[in-house]
Every structure is written in structure tokens, then in C-alpha cells.
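Asker: Before anything else, here's the structure in question.
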Amino acid sequence: MRRRTLAAAVVLVACSFASNAGQPTALKPLSFRAEARVDVAADGKFVKAQASSDLPEPVRRYVEQQLAKWTYKRNDSGGGIASTWVDLRACAMPTTTGAYSMGLAYNGSGPMLMEAGPPQRLAYVTGRMQLSGTINLHIVVGESADGATLESIEGGFKDLTAKQRFAEAARTWVATLRMQPELIDGKPVRARGTIPIELKQGSRSKKPTKEELLAQALESPQCKQAGQAANAPAMTAMQSSEVERVVSIEPVI
């Protein structure tokens, strides 16, 4: 099981979507996720990008234009068109002209998680067995149209019983995952990935407010870059865990 990391690129663009022209003080910073499908030819050449349809049209157009500039590499030996899903972090900062300046950060690529059931059994076993620390769930995606299966788990279990009970709960939860696997000519590709789960004991922690979440987001590279509309595009290093995927991506401006 290999876990890969990639550096992320932060890019900058002026974007006038959903703005109130003439009323720049009414605009607020926006921090959000963005997803896109990217098709890549056998020689690694970019074919097409399709951003999520729930994004505003100017944002979709911007994301697709940026993805067309990046470098892609096929990791398989076959031909055909490979399709992967790219996870992005985006930020839009108000400008003095009543528009937005947008920053975009690469956060990962590979099979896309579409749905997950509630991990209630995992929480019960965690409390019952007094577990803590980080547990890695190694999963396999692409053996079925949209499902995932648990291959193995690793972590600091205090005994075999605790590991077995947690594994049973994890296997049940992983079965609820609905994934969009990578494709080659429209057919699912088998891939492995890792889901880290942090286990904690004690009372539930207080959920952060919207204001606190926004304040954290404003410290992100994409928001910092979006706030510097007069400067040139910059690069930053961000690490993310990756699946063993068909397409490797090097964000290049």
C-alpha cells in the first residue's frame, strides 16, 4: 500500500460572478470545495475538463480553464481515454470593483466519494473498547460500479479483540460508501486508497461557528492568494493523501 503526496498550486484570477456591482461592501469572502472530472489521453495529453454543475458558470469556466493548463501523466500501460476526479479548494475574495478575485488549490485526485452512511457502529465500538489515536482503513474501489470494500486496517489497537471488533464495524461502514471510480473508456478501474480515522474519547467537542470556520479558511493559501489580486500567481506546498490512481497530476500555471 503506497500513499502518495502531491504539491498543490495556488492560482489567482479576477472573477466577476455573483457580484453586486457598485456595492463592494456587500460582498463577503467565500470559501468552498470544487470538483471536476478530467479526461486524459493515453499519451498524457489533456482532453477535457468538466467542473461540477452546481458551481456558478463563471467559476466552472475558470476551473476548467485552469485544469487545461496542468500536466497529466498516465500511470497505466493501456490506451483509451482515462477519466479521474479532481478535488479542489477554492476561495473568492471581494475586490474594490465589486467583483471577486479567486484562488484555487489542488487537494487531490482519484476516485470520488459520493455518499457515506453514518458511522454509528464505529463510534459505538470506539467508546466501548476505549480506543484512541489514528486508524487507517485501506479500501479497494472499482471492483463494482460504485462500491468500496475494506482490504485491511492498521493502527495502535490494545489487543486483538479490539482490532477485530473495530474491523467488523469498519467493514460494515465501508460497504455504505458510494464511490465514482476512475475510468478507462468508461469502464471502472480498480484502485486502492486509505481513509484515516482519528479516534477520541471524552465529551463531544463544540462545533465551530460559521465565523470561526471562515476565519480559518481565510488563512488558507487559496484565500491569501485570492486577496492579493495585484500580485502574480504563486506556488505553495500542500500535502494530501492519494489513492493509487490511473492519472497523476502536476498543477502547472
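Here, each number is a calculation from the coordinates, and none is a lab measurement. Note that this is a predicted model, so its numbers are computed, not measured. Every residue, glycine among them, receives a Cβ derived from its backbone with ideal geometry; neighbour counts consider all protein chains shown.
Asker: For Asn75 and Arg190 in the same chain, what is the full-extension length gain: residue separation times 0.36 nm, less their Cα-Cα distance, in nm?
Answerer: 40.1 nm
Asker: Take the Cα gyration tensor of segment 114-199, multiply each eigenvalue by 5, square-root it, and list the three semi-axes largest first, rounded to whole angstrom.
Answerer: Semi-axis lengths for segment 114-199 are 27, 12, 9 Å.
Asker: Enumerate the residues in segment 157-198 having an amide nitrogen under 13 Å from the point lying 7 Å beyond the Cα of Leu113 toward its Cβ.
Answerer: Under cut-off, by backbone N: 173-180, 193-198.
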